[in-house]
Every structure is written in structure tokens, then in C-alpha cells.
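Engineer: One structure coming up, written as C-alpha cells, with questions to follow.
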Amino acid sequence: MNNSEHFPFAVRPLPYPAKGLSPYLSARTLKIHHDGHYAMYIQKLNKILECFPQYQKLPLEALILKQAFLPDEIRNEIRINAGGALNHMLYFECLTPAPKSRLSDEFKKIICDNFSSVDNLAELLKKAALSILGSGFAYLASDMSGKMHVLALKNTETPIEERLTPLLPIDMWEHAYYLQYQYNKKDYLDCIMNVINWQRVEMNYFSR
Ligand code: MN3
């Protein structure tokens, strides 16, 4: 992801107005999700790192990758909050009010080589998302060779822990959809597919 940002981590502003994804995602849902849930991960992560200056230069990816080297008393909290921060940053940036933008022919071919079609990839992502019991993220990720993988991750796990590059997360925590869709996870998924920022996903793929 080539992200060198480190402590103190900042909440990245929504890259569009909160009402920009309506009616697919309501302004209220997005605002509470971004200003509340996402911001909380950043605050908690900064709070933990305050007392550990030796880790303050590490970007999110390194905190997640090198968790085995962290002291016992902070390892789990760092894993949860660095993962949550990274997943949310990417989630909001991979959505857009203007999703009409076409995939490049090159990227479309890569998706088709991996999943037959873009529609089939969307179906696999939805299936993975619906398979998550409790909280988690469905993910499109890629490995070093460029091969793509669809993952169903628990809680705030990230593809980085599996040595994969995160391309597109779909937040399946209840807070991501419940205010608007209640138990209708499938409606949330069908709607969110209308506002995926495929250009950003493509950028994530080619900058891996
Ligand atoms: Mn969330």
C-alpha cells in the first residue's frame, strides 16, 4: 500500500460528502461509521503507542506485520486497532459517489483471468461476506504474483497477516449497515456494489 504514515495516526476525512453515497448508504450510517467507529480505532491506537516510542515510527502495515515482535501487553490491542484503522481507511476510500468510471481494459482482464467476470467477482465477494458469522470484513486481496483472492476475515483481521495485499474491504460489522438495512445483509451488499471505487481498487492492485 506504500503508506508511510505513522504515530500519531490521523483520521482520514471521508473523500466525499457523507450524503454522497445515498441512497445506497445513508449519510447517518456513513457519518456514525466514519466519525465514531473508525475514529475510535485511531484514538485507541495512538493511546497505546503513546507509551511505546520505540514503535512510533512504524506505519500501520508494519505494526500489523510485525505484531509477533511487540510486547505481550500491547500485542493484541495493537493488532485489533491497527487492523481496524487500516480496514476502515481503505473501506471508505474504496467507495465513491461516482462509480460509473470504467475499469481499465488491463485491470478488467486481470479480474476476468482470476474470476471469469467482474459480476462473478461481485458474487464471490457477497458470498464471502454472508459467510461471516458475527463481525468481520470480506476482502479482495492479491498475492505477490498478482493472483487475486476473496477472503472472509473475522473482526479486524487484515489480508496483510496472510502476506496478501488488501485491495477492497467490505465491512460486515453490524454498524456498517444495521441503521439502514437492519438484518438485511444481502440488501446492504447489493447496494454497496453500486458505489465501489474500482479505480481505487485498481490503484491498490498496481501499487502492491
Ligand atoms: Mn466498521
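The values are calculated or read from the model by the stated rules, or taken from the named source; none is laboratory data. Owing to the predicted nature of the structure, the values given are computational and were not obtained by experimental measurement. Note: ideal-geometry Cβ built from the backbone for every residue, glycine included; neighbour counts use all protein chains shown.
Engineer: Counting just the residues of segment 118-129 that are touching a Lys or Arg at 6+ places or on another chain (Cβ under 9 Å) and at pLDDT 95 or above, which one comes out surrounded by the fewest Cβ atoms within 10 Å (Cβ to Cβ)?
Structural biologist: LYS126
Engineer: Anything in segment 76-124 that is within 16 Å of the ligand (Cβ to nearest atom) and of a type in the set (A, V, I, L, M, F, W, C)? List them, or say none.
Structural biologist: Residues satisfying the conditions are ILE80, ALA82, ALA85, LEU86, MET89, LEU90, PHE92, CYS94, LEU95.
Engineer: While we're here: In segment 1-53, what residues are hydrophobic (A, V, I, L, M, F, W, C), in contact with a Leu (Cβ under 9 Å, 6 or more places away or on another chain), touching a residue at least 24 places away in the same chain (Cβ under 8 Å) and farther than 23 Å from LEU140 by Cα?
Structural biologist: Selection gives PHE7, PHE9, ILE32, LEU45, LEU49.
Engineer: Counting only residues that are among the charged types (D, E, K, R) and either free of Cβ contacts under 8 Å to residues at least 24 places away in the same chain or not in a helix (DSSP H, G or I) (or both), how many does segment 61-107 have?
Structural biologist: 8
Engineer: Identify the residue in segment 178-208 that is among the aromatic types (Phe, Trp, Tyr) and closer than 30 Å to GLN67 by Cα and, among all such residues, is farthest from the ligand (Cβ to nearest atom).
Structural biologist: PHE206
Engineer: Can you go through PHE115, PHE137 and tell me which one is over 30 Å from GLN67 (Cβ atoms) and surrounded by 15 or more Cβ atoms within 10 Å (Cβ to Cβ)?
Structural biologist: Among PHE115, PHE137, only PHE115 is over 30 Å from GLN67 (Cβ atoms) and surrounded by 15 or more Cβ atoms within 10 Å (Cβ to Cβ).
Engineer: Could you please let me know if TYR41 is out of contact with any Asp or Glu (no Cβ under 8 Å at 6 or more places or on another chain), at pLDDT 95 or above and in a helix (DSSP H, G or I)?
Structural biologist: Against the criterion (out of contact with any Asp or Glu (no Cβ under 8 Å at 6 or more places or on another chain), at pLDDT 95 or above and in a helix (DSSP H, G or I)), TYR41 qualifies.
Engineer: Within the bounds of segment 133-151, is there any residue that is assigned to a helix (DSSP H, G or I) and farther than 28 Å from ALA39 by Cβ?
Structural biologist: no
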